[in-house]
Every structure is written in C-alpha cells, then in structure tokens.
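These notes concern the structure reproduced below.
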Amino acid sequence: MDFSLYLKAVLLGIVEGLTEFLPISSTGHLILASEWLDFNRQDAKTFEVLIQLGAILSVCWHFRQRLTGIVRGLGRSDESLRFTRNLVLAFLPAAALGGLLHGFIKQVLFSPLVVAWALIVGGFAILLIERYAPAPRVQRIDDISPGLALRIGLAQTLALIPGVSRSGATIMGGMACGLSRQAATEFSFFLAIPVMFAATAYDLVKSWDHLSADSVGVFSAGFVAAFLSALAAIRFLLRFVSTHDFRPFAWYRIVFGVVVLVTLM
C-alpha cells in the first residue's frame, strides 16, 4: 500500500470539500494542488469527478429535510413547484453553455495561468459588488422570481472559466440582483445540486474506462475527505454570512492569485 498516494488523495479531497462552496474556486485550487502534489495519474480526472460527488452529497445531507419536503410537495405545493422551477431556470444557462464548450474549457482553460488571473479578477469583482450592490430586496429564497433565478443562472456561466468559482458567481450574481447575502448563499447551495450532479455524471461517463479495482481505496479516501470537509465548509459559510461580508474571501483570492503568478514566473 502506497501511503503517500492515500495522503495525496485525502489532501485533494479536503481541498475539494473546503473550496467547493466557498467563493474561492474549487476547480482552480484542485488544478494547482494536483500540480504541486504531482498527482498526475491516468485516472486523476476520474478521481476529481468522484471527490466532487462527495462534496455534492454533503449539500444533500445538510439540506436533506428541505429537499425531502420539496420532493414530497411536487404536484401538491405551489411553493415546491415554484422553487423547483427556479432551480431549473437557473440551471439551464450553465448546462447549455457548458455542454457546448466542454471540450474547449477542458483543453484550453484548465491551466494554472488562467486560474491565477481568474482568482485575481474575481477577487476585485467581489470587492466591487460588496461596495455597490443594491440594498437587498429579497430576503428568502422562496421569494425569488423566475426572472431573477434566470439572471443568477446567467451569472453562474462565468464559473465555466476555471478559477472564477461557481459559488462565487452565483452568490455575487444574486447579491447584484438584490438578494441578501443569506438568501444568495443558500440559493447557491441548492443550485449546486443539479449543476454539479450533471457535470459529474457527464465527466464520469467520459472517464468510466479509467475506473479500476486498484483505485477503489484511493478514490474512497478522497471521497470521504471531500464529503466531510464540504459539510464543515457549508456549516461554516452559513454562520459566517450572518455576521460578515465576502471581502475576506476577495482578498484571499487576490493574494493567492498573485502568489500563483509569481510562482509560475
């Protein structure tokens, strides 16, 4: 048993879990962490897909009561139907554009240089939105209109660029459209479920041939690490936004992006 390989898998799982739902880009951090840890196995992409699945399931677990209520209310509750409709509307732009540009994104944009610049630009965007966003008009995710859900979905398409951050794009997009920090953050969590399940299923089908019995232990270690660390990150962020803004994450992105640029030089 190669313990160093298991350690790398756990570290990458923790990186995925901690960064997936914070506005700092999990994809960007995974690209950089994989480079630094020299995790360049033939099945590395499949591994990344599976640890992302661990992070998704942590959202489902945390919001399991709300999700169960929504599923049971479909066909009977206007609130459940309205919420589901909004998720679909917000999901469609990224799904359509991601499907069209998937090959280009994977082959051209997945590089440390792109990630570094996206981190920096995204950090300044967060600072600007925190300063100039309109006063919140929507305090609860149940009050989001279809048009607003679609606009948040359009903002999410920016996250197709590695380093932008899906959660950052949706939260900042929501705040720019009049959602409170809490509502924007919570809606971002729910929107992650269909988006990430779709992306994971697509990537898993394409990389299915790389799965093997020899990888089960390494993949399982990363999966569990991603699930547990993502669960901790979700709970932390929900508490954090109740009393803080997102400027600390913005400065983290800027400093980290600059460090990456200097390292690349």
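Mean separation of Cα pairs under 8 Å and 6 or more residues apart, divided by the residue count, gives the range 3-264 a relative contact order of 40 percent.
Dividing the mean sequence gap of close Cα pairs (under 8 Å, 6+ apart) by how many residues the range 1-94 holds gives a relative contact order of 18 percent. The Cβ shell under 14 Å around Gly13 holds other residues with a net charge of -2, Lys and Arg each +1, Asp and Glu each -1.
Applying D = kT/(6 pi eta Rh) to the range 3-264, where Rh is the Kirkwood radius over alpha-carbon pairs, T corresponds to 20 °C and eta to 1.002 mPa s, the Stokes-Einstein value obtained is 115 µm²/s.
Counting 0.36 nm for each residue step from Arg239 to Asp142 and taking away their Cα separation leaves a gain of 32.9 nm. Here each label is just a point 7 Å from Cα along the line to Cβ, and for Val108 and Arg64 those points are 4.3 nm apart. Mean separation of Cα pairs under 8 Å and 6 or more residues apart, divided by the residue count, gives the range 148-265 a relative contact order of 19 percent.
Hydrodynamic analysis of the range 14-93 uses the Kirkwood radius over alpha carbon pairs. Inserted into Stokes-Einstein at 4 °C and 1.567 mPa s, it gives a translational diffusion coefficient of 87 µm²/s. Legend: calculated FRET efficiency, Ser4 to Arg76, from the Cβ-Cβ distance at R0 = 45 Å, rounded to 0.05, equals 0.25.
Determine one quarter of the surface area of the Cα convex hull of the range 128-241, which equals its mean projected area, and express it in nm² to one decimal. Over all viewing directions, the range 128-241 projects a mean Cα-hull area of 8.5 nm².
Net charge of the neighbourhood of Thr27, taken over other residues with C-beta under 15 Å away and scored Lys/Arg +1, Asp/Glu -1, is -1. A viscosity of 0.890 mPa s and a temperature of 25 °C, combined with the Kirkwood radius over C-alpha pairs in the Stokes-Einstein formula, give the range 91-137 a diffusion coefficient of 188 µm²/s. Determine, from the Cβ-Cβ distance of Val121 and Tyr202 and an R0 of 25 Å, the FRET efficiency 1/(1 + (r/R0)^6), rounded to the nearest 0.05. According to the calculation, E is roughly 0.40.
Every number in this text was worked out from the coordinates using simple rules, so none of it is lab data. The structure presented is a predicted model; accordingly, all values stated were derived computationally and were not measured. FYI the Cβ positions are ideal-geometry reconstructions off the backbone, even for glycines, and counts take in every protein chain you see.
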